[in-house]
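**Student:** Just dropping this structure here.
The values are calculated or read from the model by the stated rules, or taken from the named source; none is laboratory data. Model, not experiment: these values are computed from the prediction. So basically every Cβ, Gly included, is an ideal-geometry build from the backbone, and we count neighbours across all protein chains shown.
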Amino acid sequence: MAFLAVVDKKLIAKNIGATLRKLRVDKNLSMQQLATLAEIEKSQIFRIENAKVDVRISTLYLLADTLNIEITEFFKP
């Protein structure tokens with residue numbers, strides 16, 4: 001059962017990262033531009049987009065607000 005939880009966490013992180021990348025590219029923003037607008041480090045954007053980190057919900061709210069989207073966009077299949 002623990003293995004399944006790890007796999008699910010990785011899949012969720014990949015989906016969030018892919019969604020963030022798509023939204024960022026659709027808005028013609030570089031990682032640096034998004035980081036500056038959201039007032040977070042560019043390396044954090046990179047880690048989220050590449051599923052290298054379990055992103056905090058507060059960070060997702062910040063990114064959603066910066067991108068002018070609902071936070072639920074990050075969780076759509």
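**Student:** Considering segment 28-64 alone, what residues qualify as being without any contact (Cβ under 8 Å) to a residue 40 or more places away in the chain, among the charged types (D, E, K, R) and not in a helix (DSSP H, G or I)?
**Tutor:** Matches in segment 28-64: 39, 41, 52, 56.
**Student:** When only residues in segment 35-51 that are farther than 16 Å from residue 74 by Cβ and not polar (S, T, N, Q) count, which is nearest to the chain's Cα centre (by Cα)?
**Tutor:** Looking at the filtered set, the residue picked out is 46.
**Student:** Is it true that some residue in segment 65-74 is in contact (Cβ under 8 Å) with a residue 40 or more places away in the chain and in contact with a Ser or Thr (Cβ under 9 Å, 6 or more places away or on another chain)?
**Tutor:** yes
**Student:** When you check residue 25 against the structure, is it more than 16 Å from residue 67 (Cα to Cα), without any contact (Cβ under 8 Å) to a residue 60 or more places away in the chain, among the β-branched types (Val, Ile, Thr) and out of contact with any strand residue (DSSP E or B) (no Cβ under 7 Å at 6 or more places or on another chain), yes or no?
**Tutor:** no
**Student:** When you check residue 60 against the structure, is it under 13 Å from the mean Cα position of the chain (by Cα) and modelled with pLDDT under 95, yes or no?
**Tutor:** No: the conditions fail for residue 60.
**Student:** Also: Does at least one position in segment 23-34 carry a residue that is within 11 Å of the chain's Cα centre (by Cα) and closer than 14 Å to residue 75 by Cβ?
**Tutor:** Checked segment 23-34: at least one residue is within 11 Å of the chain's Cα centre (by Cα) and closer than 14 Å to residue 75 by Cβ.
**Student:** Do the conditions hold for residue 69, that is, is it surrounded by 15 or more Cβ atoms within 10 Å (Cβ to Cβ) and out of contact with any strand residue (DSSP E or B) (no Cβ under 6 Å at 6 or more places or on another chain)?
**Tutor:** No; evaluated as a whole, the condition is false for this residue.
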